[in-house]
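Would you mind keeping the following structure in view while I ask a few things?
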Amino acid sequence: MADTIETLLKETRTFKPPADFKRRAAVRSAAIYRQASNGRLRFWASQARELEWMKRWHKVLDWKPPHAKWFVGGKLNASVNCLDRHVRTAKRNQVALLWEGEPGDRRAITYWELYREVNRFANVLKGLGVKKRDRVAIYLPMIPEAVVAMLACARIGAPHSVVFGGFSAESLKDRINDAQVRVLITADYGHRRGRRVELKQNADDAVAGCPSIEHVVVVQRDRVDTKEASAVAMKPGRDHWYHDLMREAKPSCKPAVMDAEDMLFILYTSGTTGKPKGIVHTTGGYLTQALATTRLVFDLRDDDVFWCTADVGWVTGHSYIVYGPLAAGVTCVMYEGTPDWPDKDRFWDIVERYGVTVFYTAPTAIRTFMKWGAEYPKQHDLSTLRLLGTVGEPINPEAWMWYHRHIGRRKCPIVDTWWQTETGGIMITPLPGVTTTKPGSATVPFPGIDATLLDDDGNEIKTGGGFLAITSPWPGMLRTIYGDDKRYRDTYWSKWPDIYFPGDGAKRDEDGYLWILGRVDDVLNVAGHRIGSMEVESALVDHPAVAEAAVVGKPHELKGQALSAFVILRSGYAFSDGLANELKQHVAKKIGAIARPDDIIFSADLPKTRSGKIMRRLLKDIASGRALGDVTTLADPNVVATLKKKYEGTE
């Protein structure tokens with residue numbers, strides 16, 4: 001990124017909420033912060049009352065660190081809150097999803113139509129033997145059936161595990177086996193940059209190593225002729241076409257009565273070890289925070305057209321395409337493809353055609369738009385936009401200002417949001433009708449969230465740099481890591497007693513605003529996707545040529561961070577560009593294309609301490625082109641100099 005941390009913290013530009021925006025905003029007074037601070041549990045109870053409950057809770061919070069139970073005794077169903085309560089009103093004929101496929105196919109699905117589809121698929125799942133608490137995996141492109149599948153699982157009380165369609169067969173297999181999934185929902189293929197993504201083939205490769213799978217449901221992405229459909233490999237008795245099952249299913253399914261603490265979904269995220277973590281979210285608290293933040297951060301109104309550009313395979317898609325916006329009863333845009341197909345104005349064409357009013361995307365995308373040039377958004381009428389948002393990683397001021405000028409046309413507030421898979425919903429953010437924003441700062445915690453900065457000893461830092469910490473439980477928080485509560489405790493709760501450590505560093509300025517600086521552990525943020533360095537290292541060492549590997553992040557103008565892999569080869573293998581490309585492809589096959597390293601640097605050795613620990617700090621310095629840090633603890637300081645020359649191409 002063009003902006004350094006030093007530049008970031010010297011940022012002095014401020015932007016007050018526009019007067020006309022503030023007049024109509026859902027939150028127009030900073031009093032909401034005082035009210036939440038003076039009665040945090042009362043505040044969250046008031047937000048929970050925006051949902052429809054089958055039975056009201058008798059206790060807001062039961063906190064036995066590090067385990068929280070929210071809305072104890074309460075009963076509800078997530079699909080009822082996203083669908084049933086709207087179809088009883090005039091919203092039944094309002095469009096819920098404005099969907100567009102990459103090839104240009106389009107569907108507008110009303111709340112009533114979505115309700116009937118979800119009920120049908122809930123009955124399909126029950127017909128396949130899925131019961132309450134059985135896990136279901138979803139491996140689909142960005143098509144409406146992904147939303148249908150998620151809400152159908154919620155309707156019958158079967159926790160879903162959505163796996164991003166860009167992940168490899170190996171990654172899918174690992175997630176299915178960890179959750180002991182009974183049914184997998186996939187598609188014959190998806191579309192990406194004009195090419196077919198063969199999801200069913202990946203699914204078959206994965207399921208070959210998944211003994212728990214009993215059924216695979218296959219969505220036909222394009223309604224094609226029988227001849228092409230017959231070319232898709234279907235295993236009799238195990239594989240079923242989605243449309244065949246739906247044809248026979250009834251459009252009415254009684255919703256399961258779910259306890260507030262019943263599991264809603266598992267979503268896997270990267271950790272500092274090679275094994276992904278299955279983050280567990282439950283129903284009542286998660287839905288409360290998803291709805292509250294959707295309503296108040298995005299200032300949503302009944303006539304809004306909301307577009308979150310994330311994939312449902314990530315938590316952003318869960319919270320701000322499916323559960324939050326649909327619980328709020330608004331119209332959402334859902335797009336399958338990339339922003340540059342068939343040309344670099346695809347996003348702006350969609351904004352113009354559908355009249356998008358609230359737009360939520362990643363800094364990586366914004367930096368890419370900057371690179372392509374302002375002429376692309378200038379070709380389109382973006383006057384319907386009234387609010388912009390960013391998510392996934394810290395945004396640099398340069399990108400923030402470009403977004404403000406060229407997409408918001410200097411009139412739209414920008415909500416720069418910080419949160420993560422584990423938090424379930426937005427944690428640090430401006431409120432657009434209240435908060436004066438600063439380019440590059442996520443500003444202050446959402447009402448009812450206790451976020452601060454601490455030093456190693458747990459002392460609060462009023463101004464300056466430190467570790468981001470959440471000091472009180474919040475409704476959308478993860479409840480555990482699936483099947484591994486010890487890892488949950490060790491990963492998130494061991495740095496300070498009874499305080500959640502999200503793994504990010506941050507600074508606080510004199511106005512109390514927070515500036516997120518990124519990960520302080522070995523989890524890297526590449527284009528908004530969290531990738532564990534150990535995952536990539538494990539994939540590299542899996543290749544027969546590799547004896548040892550160390551993976552670090554380096555600054556990248558568009559992606560924020562890119563991956564650099566330092567590799568030691570086994571005896572009998574020689575350095576070559578061909579082998580470097582083979583290793584990159586191997587990582588992509590094991591994990592997915594998002595984890596493919598930008599650089600493979602071959603070396604005879606790696607910088608290690610005298611105790612044998614790899615000094616990743618020095619590798620980061622080399623990959624980033626920075627001056628090298630202290631090498632006095634190295635077993636062989638000459639290794640660093642050799643690597644630096646090799647990386648710079650001077651050897």
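The values are calculated or read from the model by the stated rules, or taken from the named source; none is laboratory data. Just so we're clear, the structure is a prediction, and the values are computed from it rather than from any experiment. Here the Cβ positions follow ideal geometry from the backbone for every residue, glycine too, while neighbour counts run over all protein chains shown.
Yes/no per residue for (1) surrounded by fewer than 19 Cβ atoms within 10 Å (Cβ to Cβ); (2) of a type in the set (A, V, I, L, M, F, W, C):
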site: 375; (1), (2): yes, no
site: 385; (1), (2): no, yes
site: 390; (1), (2): no, no
site: 396; (1), (2): no, no
site: 399; (1), (2): no, yes
site: 405; (1), (2): yes, no
site: 410; (1), (2): yes, no
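Against the definition (surrounded by fewer than 20 Cβ atoms within 10 Å (Cβ to Cβ), in contact (Cβ under 8 Å) with a residue 12 or more places away in the chain and either within 21 Å of residue 155 (Cβ to Cβ) or touching a Pro at 6+ places or on another chain (Cβ under 9 Å) (or both)), how does residue 92 come out, yes or no?
Values: surrounded by fewer than 20 Cβ atoms within 10 Å (Cβ to Cβ): yes; in contact (Cβ under 8 Å) with a residue 12 or more places away in the chain: yes; either within 21 Å of residue 155 (Cβ to Cβ) or touching a Pro at 6+ places or on another chain (Cβ under 9 Å) (or both): yes.
Yes; evaluated as a whole, the condition is true for this residue.
Tell me the residue from 452, 421 that is closer than 30 Å to residue 284 by Cβ and in a strand (DSSP E or B), please.
Values: 421 fails: in a strand (DSSP E or B).
Answer to the check: 452.
Condition test on residue 530, is it assigned to a strand (DSSP E or B) and farther than 22 Å from residue 465 by Cα? Full working, then the answer.
Values: assigned to a strand (DSSP E or B): yes; farther than 22 Å from residue 465 by Cα: yes.
For residue 530, the condition - assigned to a strand (DSSP E or B) and farther than 22 Å from residue 465 by Cα - is met.
Any chance the range 61-78 includes a residue that's closer than 26 Å to residue 305 by Cβ, modelled with pLDDT of 95 or more and in the same structural domain as residue 447 (by TED's automatic domain parsing)?
Start the filter on the range 61-78 by keeping residues that are closer than 26 Å to residue 305 by Cβ, which leaves 78.
Applying the additional criterion that residues be modelled with pLDDT of 95 or more yields 78.
Pick out the ones that are also in the same structural domain as residue 447 (by TED's automatic domain parsing) and you get 78.
The answer is yes, given that some residue of the range 61-78 is closer than 26 Å to residue 305 by Cβ, modelled with pLDDT of 95 or more and in the same structural domain as residue 447 (by TED's automatic domain parsing).
Look at residue 521 and say whether it is in contact (Cβ under 8 Å) with a residue 60 or more places away in the chain and surrounded by fewer than 16 Cβ atoms within 10 Å (Cβ to Cβ). Before the answer, list the steps.
Details: in contact (Cβ under 8 Å) with a residue 60 or more places away in the chain: yes; surrounded by fewer than 16 Cβ atoms within 10 Å (Cβ to Cβ): yes.
Yes: the conditions hold for residue 521.
Quick check on the range 508-536: of everything there that is charged (D, E, K, R) and touching a Ser or Thr at 6+ places or on another chain (Cβ under 8 Å), which residue is farthest from residue 556 (Cα to Cα)? Spell out the reasoning first.
Of all residues in the range 508-536, those charged (D, E, K, R) come to 508-511, 519, 521-522, 530, 535.
Checking which are touching a Ser or Thr at 6+ places or on another chain (Cβ under 8 Å) leaves us with 508-510, 521-522, 530, 535.
Values: 508: 25, 509: 26, 510: 29, 521: 18, 522: 17, 530: 15, 535: 20 Å.
Top of the filtered list is 510.
If you check 182, 155, 195, 133, which single one turns out to be modelled with pLDDT under 95, in the same structural domain as residue 309 (by TED's automatic domain parsing) and either surrounded by 24 or more Cβ atoms within 10 Å (Cβ to Cβ) or out of contact with any helix residue (DSSP H, G or I) (no Cβ under 9 Å at 6 or more places or on another chain) (or both)? Please lay out each step first, then the result.
Numbers: 182 fails: modelled with pLDDT under 95; 155 fails: modelled with pLDDT under 95; 133 fails: modelled with pLDDT under 95.
Just a single option satisfies the conditions, and that option is 195.
Looking at this structure, is residue 536 under 24 Å from the mean Cα position of the chain (by Cα), part of a strand (DSSP E or B) and not assigned by TED's automatic domain parsing to the domain that holds residue 362? Spell out the reasoning first.
On the way: under 24 Å from the mean Cα position of the chain (by Cα): yes; part of a strand (DSSP E or B): no; not assigned by TED's automatic domain parsing to the domain that holds residue 362: yes.
Here the answer is no, as residue 536 does not meet what is asked.
Exactly one condition in (1) assigned to a loop (DSSP other than H, G, I, E, B); (2) over 27 Å from residue 262 (Cβ atoms); (3) free of Cβ contacts under 8 Å to residues at least 40 places away in the same chain is not met by residue 107; state its number.
Condition (1) is where residue 107 drops out.
Can you tell me which residue within the range 581-596, out of those that are under 25 Å from residue 571 (Cβ atoms) and in contact with a Lys or Arg (Cβ under 6 Å, 6 or more places away or on another chain), is modelled with the lowest pLDDT? Walk me through it before giving the result.
Kept after step one, since they are under 25 Å from residue 571 (Cβ atoms), are these residues of the range 581-596: 581-587, 589-590.
Okay, now just the ones that are also in contact with a Lys or Arg (Cβ under 6 Å, 6 or more places away or on another chain), so 584, 587.
On the way: 584: 96, 587: 93.
Here the answer is 587.
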